[in-house]
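The block underneath contains the structure these notes are about, expressed in structure tokens.
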Amino acid sequence: MSFADKVVIVTGASSGIGAAVGIKFAEEGANVALVARNQVKLKEVVAKCEEHGGKVLVLIADVTKNEDVKKIIEQTIKQFGKIDILVNNAGIIRKAAVWDENAIDVFDSVMTTNLRSVVHLTNLAAQHLIQTKGNVVNVSSIAAVDAMSPEYFAYCTSKAGLDQFMRSAALEFSAKGVRVNSVNPGPVRTDFVQNLGVNKSEADSFWDKTKNWTTLGRISDPEEIADLVLFLASDKARSVTGSSYVIDNGCLLKRPYNM
Ligand code: NDP
């Protein structure tokens, strides 16, 4: 899978899955625009991408801010002249029960980050993707198809909405030669839960526990999710659009028996 001369935007590229996706695209010869808010973490990823010789554009941006989203598209076009692939990966998880006092605040922040930003970026990237007959890959979750655990209604709703947006966008873009798909991971060992506010040792024991949620008795590394993202973004997947690819070590298979 060579992506030589392709231009790829990856949001949430400062850690976890987004970092792995950015590095793998760079390994395959792509020019990458890496988007995140944390400059320090992003710098480490940039260094790994540059080892492979591809050009890297660093975009310190918050995908929930309209002006930042515009900047992501404008600066990518200014630097590279086109967009071939958009990977919408940035995402957050926040905890609140439906009846909690802060439920609407949690809902707004999760929906704005996980769904609205994707709609906005796809909207602004659309004409550029049509020109290159490019494609979009969204990083969704198995939470799109399962209510997961109590107090995560906002996250599950955002990812279900993301999958429906993916199908609707795939339908609209098909006549223009642009594909849209998603990957739906189960547990992946990243900073995701630490970013929710738990400390490292609690996070480690959480990830260890999640192995028991899967039929394969293991959880994924970010690189495994990145491999699937690259496959979907490649010409090998030219017949695939409007599809969500579960990659969860059998988590959904086992789920009913965990209840
Ligand atoms: P991480 O917390 O490691 O990465 C999240 C990334 O999103 C970071 O780079 C963060 O960068 C970025 N981000 C968050 N908010 C914003 C924002 N407002 N603007 C720009 N960037 C933002 O988690 P993961 O790698 O695990 O998560 C990546 C995606 O994978 C998410 O969409 C998540 O829902 C999904 N996923 C993860 C699973 C898991 O088990 N880990 C399972 C299923 C899906 P910064 O803070 O620098 O802005």
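Descriptive notes on the structure:
- Scoring 127-133, 38-44, 56-62 by mean Cβ neighbours within 10 Å over their residues and listing the highest first yields 56-62, 127-133, 38-44.
- Anisotropy class assigned to the stretch 1-90 is oblate, per the alpha carbon gyration tensor with a/c at or over the 1.5 cut-off and a/b no larger than b/c.
- Per-residue HN-Hα couplings for the stretch 66-81 [Karplus 6.51, -1.76, 1.60; θ = phi - 60°; Hz; x = Gly/Pro]: 3, 5, 5, 5, 4, 4, 4, 6, 4, 6, 5, 5, 4, 6, 10, x
- Placing pseudo-labels 7 Å out from each Cα toward the beta carbon at D62 and D100 gives an inter-label distance of 2.1 nm.
- Across the stretch 206-215, coupling constants 3J(HN,Hα) worked out from phi with the 6.51/-1.76/1.60 Karplus curve, θ = phi - 60°, read 4, 4, 4, 5, 5, 4, 6, 7, 10, 6 Hz, and Gly and Pro carry x.
- Relative contact order, percent, the chain [alpha-carbon distance under 8 Å, six or more residues apart]: 19 percent
- MRE, 222 nm, helices only [DSSP H, n ≥ 4, -39500 (n - 2.57), over the chain, to nearest 500]: -14500 deg cm²/dmol
- Accessible area per residue was computed with a 1.4 Å probe on protein heavy atoms; M148 scores about 50 Å².
- Convex hull volume of the stretch 139-238 per residue (C-alpha atoms, cubic angstrom): 114 Å³
- Out of every Cα-Cα pair that the chain contains, those further apart than 24 angstrom amount to 44 percent.
- Extension gain, S239 to K43: 0.36 nm times the residue separation minus the Cα-Cα distance gives 67.0 nm.
- Kirkwood radius and radius of gyration were both taken over the C-alpha atoms of the stretch 26-169, and their ratio Rg/Rh is 1.00.
- Distant-in-sequence amide contacts of A33, defined by a placed amide H-H separation under 5 Å and a gap of 5 or more residues or a different chain, comprise V8, I9, V10, L57.
- Highest average packing first - 65-73, 222-230, Cβ atoms within 10 Å: 222-230, 65-73
The values are calculated or read from the model by the stated rules, or taken from the named source; none is laboratory data. The structure displayed is predicted, hence computed values, not measured ones. Every residue, glycine as well, gets a Cβ built from its backbone with ideal geometry; the counts of neighbours run over all protein chains shown. The accessibility values were calculated without ligands, DNA or RNA, using every heavy atom of the protein model including side chains. Shrake-Rupley method; radii C 1.70, N 1.55, O 1.52, S 1.80 Å.
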